[in-house]
1. Could you list, in sequence order, all residues of the stretch 46-100 that are at pLDDT below 95 and among the hydroxyl-bearing types (Ser, Thr, Tyr)?
2. Give me the pairs, please: first residue somewhere in the stretch 200-213 and aliphatic (A, V, I, L, M), second residue anywhere and assigned to a loop (DSSP other than H, G, I, E, B) and surrounded by fewer than 23 Cβ atoms within 10 Å (Cβ to Cβ), beta-carbon distance under 9 Å, and either six or more positions apart or on two chains.
3. From (1) surrounded by fewer than 21 Cβ atoms within 10 Å (Cβ to Cβ); (2) under 15 Å from the mean Cα position of the chain (by Cα); (3) among the polar types (S, T, N, Q), pick out the condition that doesn't hold for Gln198.
4. Give me the residue from the stretch 103-128 that is assigned to a loop (DSSP other than H, G, I, E, B) and modelled with pLDDT of 95 or more and, out of that set, surrounded by the most Cβ atoms within 10 Å (Cβ to Cβ).
5. Determine, yes or no, whether Arg318 is part of a loop (DSSP other than H, G, I, E, B), crowded, with 20+ Cβ neighbours inside 10 Å and out of contact with any strand residue (DSSP E or B) (no Cβ under 8 Å at 6 or more places or on another chain).
Amino acid sequence: MKSRARLIPLGLLWTVCTALPVLGQRQAAPSPEVVKLDTRDGVKLTVTYYPSRDRGASKARQSTPVVILHDFKDTRATFASLAQQLQSPQEEKESAAADRVSFAVVTVDLRGHGESTKLLSPDGYDLVLDPAKLGKDGLLAMATLDLEAVRSFLVGKNDAGELNLNKLCLVGAGMGASVAVNWAANDWAAPPLAIGKQGQDVKALVLVSPRWSFQGLTIQEAMKLQPLTANAAWMLIYGSDDAKVKADARRIFKQLERFHPEKGPAGDQRARDLVAIGWSSSLQGGTLLAQFGQPISVEIVKFLTEHIAKKETPWLSRRGRLP
């Protein structure tokens, strides 16, 4: 991806991350809440909701929601540490607490994984979902029905004033990255309503070890949707020692590059909202995060803070709108 991809060497990245001063203190955050959601086809989803530390305050309406999606045969537990870091990011200055950013996070057990393995059949029987038998249709259902249920949950939290759905961010690893891109395309393809807002909520995607095609679930059509590719901020993270994953990351980057120039119209340098980090490892997805969790999490929090959370975005009630 050459220099324009902003590939960051592992050693240098870790040095920078560990050298960051710890200024100020983490604010107390509400305890995480385990929530059960029902999809339209009868799957019982389990998610964990990490409320914004600003919940209950008027400024919670600028809290950035982040949905985190795990890899194949993984669970939401992999992302507990990242969720907690997003929930209580360190402040740059203690005196700037009034201007601090805040996130509300949802980690999801996608169908067939973790605690989301029960399907209520039309005749009332509980069936057990096996992730190895989901196939392409099951993966597509993750990107439609599972994420539809999660968004409905966030609509309720938005209208309760706990977060701003108009700042929605998605983080996905491996399979979860494919699910995230396909659902984001559905979001940006939703036709506008005459009154109110429907779609165009996803403002950033962080893809860990993204694949062009995962077990038949391709991102090819999604990457052709210019409103999504041009208007969302993108971060790609992958183990660069795996030639196939690296090639897919390069391909995705090339699709996005022309929409995210390094310089503005006047030739001035800008904070680029397209970043690729090649990690010196053959590990991928959730395993990569588990092995190098802290420095990777620092980069994710920093990216979402700079490009989404710090921006004032209109808050809109969704009550009475399509979920």
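The values are calculated or read from the model by the stated rules, or taken from the named source; none is laboratory data. From a predicted model like this one, the values you see are computed outputs, not experimental measurements. Neighbour counts run over all protein chains shown; Cβ positions are idealised from the backbone, glycine included.
1. Of everything in the stretch 46-100, those that are at pLDDT below 95 and among the hydroxyl-bearing types (Ser, Thr, Tyr) turn out to be Ser58, Thr78, Ser81, Ser88, Ser95.
2. From residues that are aliphatic (A, V, I, L, M), the pairs are Ala204/Asp273.
3. (2)
4. To start, the set of residues in the stretch 103-128 that are assigned to a loop (DSSP other than H, G, I, E, B) comprises 110-117, 121-125.
Subsequent filtering for residues that are modelled with pLDDT of 95 or more retains 110-117.
Working: Leu110: 33, Arg111: 25, Gly112: 24, His113: 24, Gly114: 21, Glu115: 16, Ser116: 25, Thr117: 18.
Going through the qualifying residues, I end up with Leu110.
5. On the way: part of a loop (DSSP other than H, G, I, E, B): yes; crowded, with 20+ Cβ neighbours inside 10 Å: yes; out of contact with any strand residue (DSSP E or B) (no Cβ under 8 Å at 6 or more places or on another chain): yes.
Judged against the criteria, Arg318 is a match.
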